Structures are given as structure tokens and as C-alpha cells.
Amino acid sequence: MLKAGVIGAGHLGKIHLKLLQQSSEYDLIGFYDGDKQRAKEIEGEFGYRSFDSAEALIEAVDMIDVVTPTITHFETAKKAIISGKHLFVEKPITSTYAEAEELIQLAKKHQVKGQVGHVERFNPAFTAVKDKIGQPMFIEAHRLAEFNPRGTDVPVVLDLMIHDIDVILSVVKSKVKNVSASGVSVISETPDIANARIQFENGCVANLTASRISLKNMRKARFFQRDAYISVDFLERKCEVVKMKDAPKDPDDFAMILQNAEGVKKQIYFENPTIDTNNAILDELESFAQAINNNTEPVVSLEQGAEALKVANMVIESFKK
């Protein structure tokens, strides 16, 4: 079991603490939070050991889980890596791409592994169909949330849209060619609603919408590729695959047949893949432990986290244009 420590015991940090304590992959040593009163309350209520400093916690563990505000990710993660500790850091990886690049180089130098908390990669609705997403040419994603003051210290792109950016980058095997976007600040000082169009070198186009001032929650993505349409509902944990194949000469009476203007007939097939019940946060944490123990590549590497941040920053820069 890997000795684990959590830095940051806010809303998400408390969830990580609970899951690390439950996990058979980790031995939770304790946590550090800069808010002494909150740390004392959490220690008293849940029994987790509170450390007096981040440095003391880092010294006592094999793996550090950074669940602090984004602006502090870089300095906290850097301390852990330089101390030779494996690093799990919540998304976005850092505030700037330059900081992310530095962490990547430091991790290589100190021979430690790093993973970024892009939890939607472990959503069972997505994992059920990921292998069926071959070469999508058009992608549409909507991530809408009711207003919550937590997270409004960063643009909605870094708060919400970056989830879909990471998912899309994981299935489109091509470099980003161009980004155009628009964003509007309604309540916060930074944009609360945004739309982005990402064009890839292979011709794929992704259209993303994110809002944190909606009246209802929605997290959906649709992937269109030749002879197939795949939908993923990250919120409801549902997915659907619609495929088209050449129609047989003698289709049965219930077959759905389409015929185009050239007379080519296609039969439509519906698939509803089996979706396993899981805790996506626990899965991502345990997958990282397995990457460490087996010396394999983490599911969401520091490099992938940095690439998602790079594209997110391209979206934000496009607002200014």
C-alpha cells in the first residue's frame, strides 16, 4: 500500500480523504490544510491526522494528492516532486502552461509519476464507449451547471469546459489547428458562459459550450464518425451507439433501412453498452496507484493535463480577440 497524503481539505479534498482511507491501494497518512480552524475541525470529526505543514506531510508519504485552489497547484506540486514523491493533482494541472511544462521536466528529473484529476475519463458512460470512438469528424459537447460560487475564481473554461477539452483530446488523434471562441461574464469577473470551436489538422471539428449560470445541469457529448454516432451523458451515466452498415438483401420486417439519393441502402443498428457502477474519483486515484506500482503510464499523464490546459488557454485568448 502506498502511503498517501492530501494537501487541501475543502469540499473536494474531503471526498479524496474519504476515498483514500477506503482504498485498498493506499494507506492514508494524513492531510494538510492552510486553514488551521478547518483542519482542526476535520481532524476532530473524521479522525484524519492533520499535519502542521505541507513539508512535514510530504516527508511522511509516497504520494501527494493536491486538492487546493488552482493558483497554488504549481508551488505545492513542485515541493512534492522535488522531494521525490509521486503526484496526483486536481485539474487544471496549473495556472499557466509554462508552470505545467516545468512540472513535467521536474517529474522526469526526479523520476516520479504524475496524474491530473480529469475525472470524466473514468466516467462509466465514457469508458463503455471509448473504444468505439474511432475517428470522429464532428463532436458536440454541452456542460451546463447551476450557479455555485465555488470555482468562480477562474473562467468557466478552466472550471467546466476543460473536462470536455480533455475528453476530446483523448479521442482525436490529431493536433489542434485553430480555436475560435466567445465568452460572456454575467455574474463573475471572468466569463460564466462560453462557446468554443476547435479545429484539428485531420479535419475534425469540436463545438463546445459551457455555462455555470444555467437553470439545470447537463453534461453531454456527441461524437459523429463515418457510419456511426455515439452519445455520452456524463451526468446520467448513459450512452448510446448508433451504427449504419450496408443493408442485407433480405432485411427482416423490423429492420430500420435508410436509402440515400444514389440508391444506397443502409441498415441502422442500436447498441446500449453495459455501464458498470463505479466511483470515478476512487477509480482515478486507484489507477494512479497501479501506474506507480506497475511502472506504467498514468491514464491522464502530466503531459495530457498540460495539453488540455494549453487548449483551454487558447479558448480564453480567443475571447480577447
*In whole angstrom, note down how far apart the Cα centers of region 115-155 and region 170-237 are.*
9 Å
_Long-range HN-HN contacts of T94 with modeled amide H, under 5 Å_ = none
*Could you work out how far the C-alpha centroid of region 71-85 sits from that of region 1-62, in angstrom?*
16 Å
*List, in the order given, every pair from K177/K320; K130/K175; K238/K265; K130/K245; K175/K216; K91/K130 whose Cα-Cα distance in the structure shown is over 23 Å.*
K238/K265; K175/K216
*asked:* I want the antiparallel fraction of DSSP beta bridges within the chain, as a percent rounded to 5.
replied: 65 percent
*How do L106, L20 rank by accessible surface area computed with a 1.4 Å probe, from largest to smallest?*
L106, L20
*Ignoring ligands and nucleic acids, what accessible area does L258 show with a 1.4 Å probe (Å², nearest 10)?*
90 Å²
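Tell me the net charge near A306. Cut-off is 12 Å between Cβ atoms, A306 excluded, with +1 for each Lys or Arg and -1 for each Asp or Glu.
Values: positive: K91, K310; negative: E99, E101, E102, D166, E303, E307.
Local charge sum for A306: -4.
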_Rounded to whole Hz, the Karplus (6.51, -1.76, 1.60) HN-Hα couplings of region 295-304, x for glycine and proline_ = 6, 10, 6, x, 4, 10, 6, 4, 5, 5
*Cα-centre dipole for the chain with unit charges at Cβ (Lys and Arg positive, Asp and Glu negative), debye to 20*: 680 debye
*Along the charge dipole of the chain, which of N279, N123, L258 sits closest to the positive end, that is, farthest toward it, with unit charges on the beta carbon of Lys, Arg, Asp and Glu (+1, +1, -1, -1)?*
L258
*asked:* I'd like the accessible area for S185: 1.4 Å probe, protein heavy atoms, all chains in place, Å² to the nearest 10.
replied: 60 Å²
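Could you state the accessible area per residue of the chain in Å², with a 1.4 Å probe and every protein chain left in place?
Details: 15980 Å² over 321 residues.
Accessible area per residue: 50 Å².
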_Cα convex hull volume per residue for region 69-142 (Å³)_ = 140 Å³
*asked:* Taking θ = phi - 60°, what integer Hz values does the Karplus form 6.51 cos²θ - 1.76 cosθ + 1.60 yield along region 203-208, in sequence order, with x for Gly and Pro?
replied: x, 5, 10, 10, 10, 10
*So, counting K/R as plus one and D/E as minus one, what does the shell of residues with Cβ under 14 Å around G84 add up to?*
+4
*For region 22-169, give the magnitude of the charge dipole about the Cα centre (Cβ charges: +1 Lys/Arg, -1 Asp/Glu; no others), in debye to the nearest 20.*
360 debye
*Whole-Å semi-axes of region 101-158's equivalent ellipsoid (Cα gyration tensor)*: 27, 23, 12
*What GluC sites (Glu not before Pro) in region 88-149 are in a loop by DSSP, with at most 12 other Cβ atoms within 10 Å of the Cβ?*
E146
*Taking a threshold of 28 Å on the Cα-Cα distance, which of the pairs K108/K173; K18/K173; K78/K310; K113/K321; K40/K310 fall above it?*
K18/K173; K113/K321; K40/K310
_If I fit a long axis through the Cα atoms of helix 73-82 and take the longest principal axis of the Cα atoms of the chain, what angle between them do I get, 0 to 90°, rounded to 10?_
70 degrees
_Between Y229 and V264, what is the label-point separation in nm under the 7 Å Cα-to-beta-carbon projection?_
1.7 nm
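What trypsin sites (Lys or Arg not before Pro) does region 133-182 have in DSSP loop regions with at most 14 other beta carbons within 10 Å? It would help to have the intermediate numbers written out before the result.
Details: sites: R143, R150, K173, K175, K177; in loops: R150, K173, K175.
Here the trypsin sites (Lys or Arg not before Pro) that fit, given the DSSP loop and packing criteria, are R150, K173, K175.
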*For the chain, what percent of Cα pairs sit more than 31 Å apart?*
37 percent
*Leaving out ligands, DNA and RNA, what percent of the accessible area of the chain is carbon and sulfur, probe 1.4 Å?*
48 percent
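Rounded to two decimals, what is the ratio between the C-alpha radius of gyration of region 1-139 and 2.2 N^0.38 Å? Kindly include the intermediate steps, with their values, before the conclusion.
Details: Rg = 16.2 Å, N = 139, 2.2 N^0.38 = 14.3 Å.
Normalised Rg, Cα atoms only: 1.13.
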*Please work out how much accessible surface E236 shows to a 1.4 Å probe, ignoring ligands, DNA and RNA, in Å² rounded to 10.*
110 Å²
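For the chain, what does -39500 (n - 2.57) per DSSP helix run (n ≥ 4), summed and divided by total residues, give at 222 nm, in deg cm²/dmol to the nearest 500?
-9500 deg cm²/dmol
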*Within the set of other residues whose C-beta is less than 11 Å from the C-beta of G30, count the net charge using Lys and Arg as +1 and Asp and Glu as -1.*
-2
*Note, ³J(HN,Hα) from phi for region 133-145, Karplus 6.51, -1.76, 1.60, rounded to Hz, x at Gly and Pro*: 7, x, 9, x, 10, 9, 10, 10, 10, 10, 10, 10, 9
*Size of electric dipole in region 12-94: Cβ of Lys, Arg +1 and of Asp, Glu -1, about Cα centre, debye, nearest 20*: 180 debye
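The values are calculated or read from the model by the stated rules, or taken from the named source; none is laboratory data. The model shown is predicted, which means the values in this text are computed figures rather than measured ones. No Cβ is skipped: glycine too gets one built from the backbone with ideal geometry, and neighbour counts run over all protein chains shown. These area figures cover heavy atoms from the full protein model, side chains too; ligands, DNA and RNA do not enter into them. Shrake-Rupley method; radii C 1.70, N 1.55, O 1.52, S 1.80 Å.
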